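This report refers to the structure that appears directly beneath it.
The values are calculated or read from the model by the stated rules, or taken from the named source; none is laboratory data. Predicted model only: the values in this text are computed from it and were never measured. When we count neighbours, we look across all protein chains shown, and the Cβ atoms used for this are built from the backbone with ideal geometry, even at glycine.
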Amino acid sequence: MSVRRLADDALQPASFAFTPAMEGEVAKWIGKYPAGREQSAVIPLLMLAQDQEGWVSKPAIEHVASRLGMPFIRALEVATFYTQFQLKPVGSKAHVQVCGTTPCMLRGAEELKKVCQHRIHHDPFHLNEAGTLSWEEVECQGACVNAPMVMIGHDTYEDLTPERLAEIIDAFGAGKGAEVKTGPQIDRIFSAPEGGPLTLTGIASKAKAAKAAASPEAAGKAVQSAAVAAPAVPVVAAKPAKSAAKSAAKSAAKSGTVAQPALDDKNRPAGIEKPQTVDDLKLISGVGPKIEGILHALGIYTFAQVAAWKKAEREWVDGYLKFSGRIERDDWVKQAKALAKGGVAEYVRVFGKKPR
């Protein structure tokens, strides 16, 4: 384990106090623990101090220790043990944490580090000339399936290329970090397969499989395969195509699958001609590049359109996308209303986090 010490006295502020806005969070965290156990809130309070100032100073540690009635050395032990706490000033606009653990390393983390060295500073934990950016290499951030990735603040940016990371760093350096899409930076919803799901996609795939299984060619191939795999076992003739199709239809009925709604259905949301300004529908949780393309094909281009969907319209879109109720679970309408009203800032005010 590396030695972690507090920043030099020259970098330490004269004092520390939580802002009025943070005081509410402090009270909330202390209130989570029973009387006499308030010291259990030391990690959350140190994190609040870091969220407020960007790093954890000696006065901040002393203040937290005093608030919790614990010796300063106990709070200092916590702050210097956990690498999540920054013990010296970091970039005022972004501190980029590049995951360098095996999955990310195999997927290009070394190239991401080179971008940080070029865009910020050659050495980790050093500020750029403007004092707005810094970086470090960290251990696993828990997004291995989306490797390589970085973390900035409380947000992760995944499935990165060196070019995309450079764009993200430049955006934060220009003060536009709130506009950068978090999570996967490719056609992927969270940790789902790239390009969208490939299995359990609804009745269309099941009907296709049933049709293939019922064809004479498929039956012939199955018989040949069985004969090659086990020549000593008598081959049983395949069911006639009509019987196989009938069985597949019964299975589909039992499974409760529903056919994709028609495009001329009365409940289909009204589309519009593509406007000059198209909203980034990918800001709605559950909408990736592929789904956004389908919505555009339906004439859905703005947050206001999604915000106005009635129940029947939501059910039509849900069925058309084979989402099995996900539009209601993710509450697309509430998300769209917030984004239509005030963009990302309003979304953060309503949901307490940036859209993914």
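Among Gly100, Gly91, which is the only one that is more than 25 Å from Gly24 (Cβ to Cβ), of a type outside the set (Phe, Trp, Tyr), buried (at least 16 other Cβ atoms within 10 Å of the Cβ) and in contact with a Gly (Cβ under 9 Å, 6 or more places away or on another chain)? So that I can check it myself, show each step before the final result.
On the way: Gly100 fails: in contact with a Gly (Cβ under 9 Å, 6 or more places away or on another chain).
Residue meeting the stated conditions: Gly91.
Right, Leu127: more than 21 Å from the chain's Cα centre (by Cα), surrounded by 18 or more Cβ atoms within 10 Å (Cβ to Cβ) and among the hydrophobic types (A, V, I, L, M, F, W, C) or not? Can you show your working first?
Details: more than 21 Å from the chain's Cα centre (by Cα): yes; surrounded by 18 or more Cβ atoms within 10 Å (Cβ to Cβ): yes; among the hydrophobic types (A, V, I, L, M, F, W, C): yes.
Criteria met by Leu127.
Within the bounds of region 82-99, is there any residue that is without any contact (Cβ under 8 Å) to a residue 12 or more places away in the chain, out of contact with any Lys or Arg (no Cβ under 6 Å at 6 or more places or on another chain) and among the charged types (D, E, K, R)? No, the conditions are met nowhere in region 82-99.
The residue list Glu111, Glu62 contains one member that is modelled with pLDDT of 95 or more, closer than 24 Å to Asn146 by Cβ and either touching a Pro at 6+ places or on another chain (Cβ under 8 Å) or surrounded by 14 or more Cβ atoms within 10 Å (Cβ to Cβ) (or both), which is Glu111. Given the criteria in contact (Cβ under 8 Å) with a residue 24 or more places away in the chain, closer than 24 Å to Ile152 by Cα and among the hydrophobic types (A, V, I, L, M, F, W, C), does Met22 qualify? Here the answer is yes, as Met22 does meet what is asked. The residues of region 1-27 that are assigned to a helix (DSSP H, G or I) and within 18 Å of Gln52 (Cα to Cα), listed by number, are Leu11, Pro20, Ala21, Met22, Glu23, Gly24, Glu25, Val26, Ala27. For region 31-56, enumerate the residues that are among the aliphatic types (A, V, I, L, M) and outside any helix (DSSP H, G or I). Of everything in region 31-56, those that are among the aliphatic types (A, V, I, L, M) and outside any helix (DSSP H, G or I) turn out to be Ala35, Val56.
One residue alone among Asp330, Asp318 is touching a helix residue (DSSP H, G or I) at 6+ places or on another chain (Cβ under 6 Å), surrounded by 15 or more Cβ atoms within 10 Å (Cβ to Cβ) and either not assigned by TED's automatic domain parsing to the domain that holds Gly177 or not charged (D, E, K, R) (or both), and that residue is Asp318.
Go through region 72-86 and report how many residues are outside any helix (DSSP H, G or I) and surrounded by 19 or more Cβ atoms within 10 Å (Cβ to Cβ). Let's see the steps before the verdict.
Start the filter on region 72-86 by keeping residues that are outside any helix (DSSP H, G or I), which leaves 82-86.
So of that shortlist, the ones also surrounded by 19 or more Cβ atoms within 10 Å (Cβ to Cβ) come out as 85-86.
The qualifying residues number 2.
Restricting region 253-289 to residues that are surrounded by fewer than 16 Cβ atoms within 10 Å (Cβ to Cβ) and among the charged types (D, E, K, R), the residue that is modelled with the lowest pLDDT is Lys254. Filtered by the rule that a residue be modelled with pLDDT of 95 or more and of a type in the set (Gly, Ala, Ser), region 148-170 gives a lone residue, Ala166.
Within region 334-355, the residues that satisfy the criterion of being touching a helix residue (DSSP H, G or I) at 6+ places or on another chain (Cβ under 6 Å) and assigned to a helix (DSSP H, G or I) are Ala336, Lys337, Ala338, Leu339, Ala340, Val344, Glu346, Tyr347, Val350.
Results for (1) of a type outside the set (A, V, I, L, M, F, W, C); (2) within 24 Å of Val350 (Cα to Cα); (3) under 20 Å from the mean Cα position of the chain (by Cα); (4) outside any loop (DSSP other than H, G, I, E, B), shown as yes or no for each residue.
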| residue | (1), (2), (3), (4) |
| --- | --- |
| Lys282 | yes, yes, yes, yes |
| Ile300 | no, yes, no, no |
| Arg314 | yes, yes, no, yes |
| Val317 | no, no, no, yes |
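Residue selection: Gly69 satisfies the criterion of being exposed (fewer than 14 other Cβ atoms within 10 Å of the Cβ), touching a residue at least 24 places away in the same chain (Cβ under 8 Å) and on the phi > 0 side of the Ramachandran plot.
Taking region 169-179 on its own, how many of its residues are buried (at least 20 other Cβ atoms within 10 Å of the Cβ) and touching a helix residue (DSSP H, G or I) at 6+ places or on another chain (Cβ under 8 Å)?
Step one: filter region 169-179 for residues buried (at least 20 other Cβ atoms within 10 Å of the Cβ), giving 169, 172.
Next, from what is left, pick out any that are touching a helix residue (DSSP H, G or I) at 6+ places or on another chain (Cβ under 8 Å): 169.
Counting residues in region 169-179 that are buried (at least 20 other Cβ atoms within 10 Å of the Cβ) and touching a helix residue (DSSP H, G or I) at 6+ places or on another chain (Cβ under 8 Å) gives 1.
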